[in-house]
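Student: Have a look at this one before I ask anything.
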Amino acid sequence: MKIARIETFLAPPRWMFVRVETGEGVVGWGEPVVEGRAEPVRAAVEVLAEHLVGQDPLRIEDHWQVMTKGGFYRGGPVLSSAVAGLDQALWDIKGKTYGQPVHQLLGGPVRERIRAYAWVGGDEPSEVRDAVNAQVEAGFTAVKMNASGRMTPLATREEVRACLLRAETAREVLGDERDFALDFHGRVSPANARRLLPLLAEYAPLFVEEPVLSEHMHAVPDLVNASNIPIALGERLFTRREFLAPLQAGVAVVQPDISHAGGISELRRIAALAEMYGAHIAPHCPLGPVALAASLQVAFTTPNFLIQEQSIGIHYNKDAELLDYVADREPFRFVGGSLLRTERPGLGVDIDEAAVRAADTKGHSWRNPVWRYEDGSFAEW
């Protein structure tokens, strides 16, 4: 069996799909994208396709090694995301070839269901109560929200109180039996994070995510020791080597993204590394159906999995939703806030190819907002 053709498709709201077809007609799907930088990832996929076309798709590890190490210059989000999507597609082909779900090829499942959380925005604190209530009524047992909007480098008392109000409101709605997580989104300076973490402790978040930007990794040990709230990070890290320092610093939850961090092949290695440090994984996934399906395949076979992010209803989704691109929605049906294990071959997702091709005729040019402070200087989004 040989790889015959590789195609990419830009699909609203901000996603990209890759389709890998063999000469025998077996098709695998992947999702290689950097949100806001889809076009350079598409170009990187085209370059990597030069290696893959004509090759045996079942030699996944060898292809992963060549794609990640075969160039003199390595790494970075664009290349790593291109590799990730192609890796997902190759695993999809392998599972379909053997008639098995990918989780069986990775050693078999260790759980029957995957707990997931729903997004409730949080940029505006006034919207939190209704948004959390809606997800509770939908059956979710956990939600996540942004801890703040734009925040000044040394927060005012008003900004601090607004952050605490979000947490207080979520806890009031959820009670003690459900969870919420707070995403600092890199908007918070190390000084603000040290101030906020002890104040948030009484509301017992499941975790606080990305309390500082990845380039401020030196601040993580102090933040781990600042309160008893578990610290989570990793959506902007792309290799297991980059996860070593935060794990050594005592981070409790790592959040690699299967469409950024080298795909299924690398995500399972990151999970194994985290297990050595007693940490759990909560894969980042505000993306489309292939990325979610691939994340679930790893989660089903990972002992130290915690909870899964998913994008259905997320505030970033405009012009399209995750379920718009699947022919069968059953694998994405939530039961008590969880997704159930299936034995469908490959990634277990049935992509509506006609819908994807139609979406690509419109494409997208999604860019994240650029925020500024009142004095006109740049602010982290």
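The values are calculated or read from the model by the stated rules, or taken from the named source; none is laboratory data. Because the structure is a prediction, the values reported are computed rather than measured. Cβ atoms come from the backbone with ideal geometry, glycine included; neighbour counts cover every protein chain shown. Quick note on the areas: whole protein, heavy atoms, side chains included, nothing else; ligands and nucleic acids left out. Shrake-Rupley method; radii C 1.70, N 1.55, O 1.52, S 1.80 Å.
Student: Report the residue count in segment 141-184 for those that are of a type outside the set (S, T, N, Q), open to solvent by 20 Å² or more (accessible area, probe 1.4 Å) and in contact with a strand residue (DSSP E or B) (Cβ under 8 Å, 6 or more places away or on another chain).
Tutor: Selection size over segment 141-184: 4.
Student: Also, I was wondering about something else. Considering only segment 141-172, state which residues are of a type in the set (Val, Ile, Thr), farther than 13 Å from Gly122 by Cβ and in contact (Cβ under 8 Å) with a residue 24 or more places away in the chain.
Tutor: Thr141, Thr152, Val160
Student: How many residues are surrounded by fewer than 23 Cβ atoms within 10 Å (Cβ to Cβ) and either assigned to a loop (DSSP other than H, G, I, E, B) or among the small types (Gly, Ala, Ser) (or both) if we restrict to segment 69-94?
Tutor: Selection size over segment 69-94: 7.
Student: Go through (1) touching a residue at least 60 places away in the same chain (Cβ under 8 Å); (2) within 17 Å of the chain's Cα centre (by Cα) and name the single condition Ala274 misses.
Tutor: So the condition that Ala274 fails would be (1).
Student: So, in segment 1-45, exactly how many residues are open to solvent by less than 20 Å² (accessible area, probe 1.4 Å) and either without any contact (Cβ under 8 Å) to a residue 40 or more places away in the chain or small (Gly, Ala, Ser) (or both)?
Tutor: Going through segment 1-45 one residue at a time, the tally reaches 6.
Student: What's the number of the only condition in (1) modelled with pLDDT under 95; (2) within 30 Å of Trp91 (Cβ to Cβ) that Trp381 fails to meet?
Tutor: Only one criterion is unmet by Trp381, namely (2).
Student: Tell me which of these Ala226 doesn't satisfy, since it passes every other one: (1) more than 19 Å from Met145 (Cβ to Cβ); (2) open to solvent by less than 40 Å² (accessible area, probe 1.4 Å); (3) at pLDDT 95 or above.
Tutor: Exception for Ala226: condition (3).
Student: Given segment 262-363, what helices (runs of 4 or more DSSP H) lie entirely inside it while holding 2 or more residues that are crowded, with 24+ Cβ neighbours inside 10 Å?
Tutor: Per the criteria, 263-276, 289-300.
Student: In this structure, is Val251 open to solvent by 10 Å² or more (accessible area, probe 1.4 Å) and over 23 Å from Trp91 (Cβ atoms)?
Tutor: No: the conditions fail for Val251.
Student: In segment 52-68, how many are over 22 Å from the mean Cα position of the chain (by Cα), free of Cβ contacts under 8 Å to residues at least 40 places away in the same chain and part of a helix (DSSP H, G or I)?
Tutor: Adding up the residues that qualify gives 4.
Student: Scan segment 284-309 for residues that are free of Cβ contacts under 8 Å to residues at least 40 places away in the same chain and closer than 20 Å to Ile351 by Cβ and jot them down.
Tutor: Passing the criteria: Cys285, Ser295.
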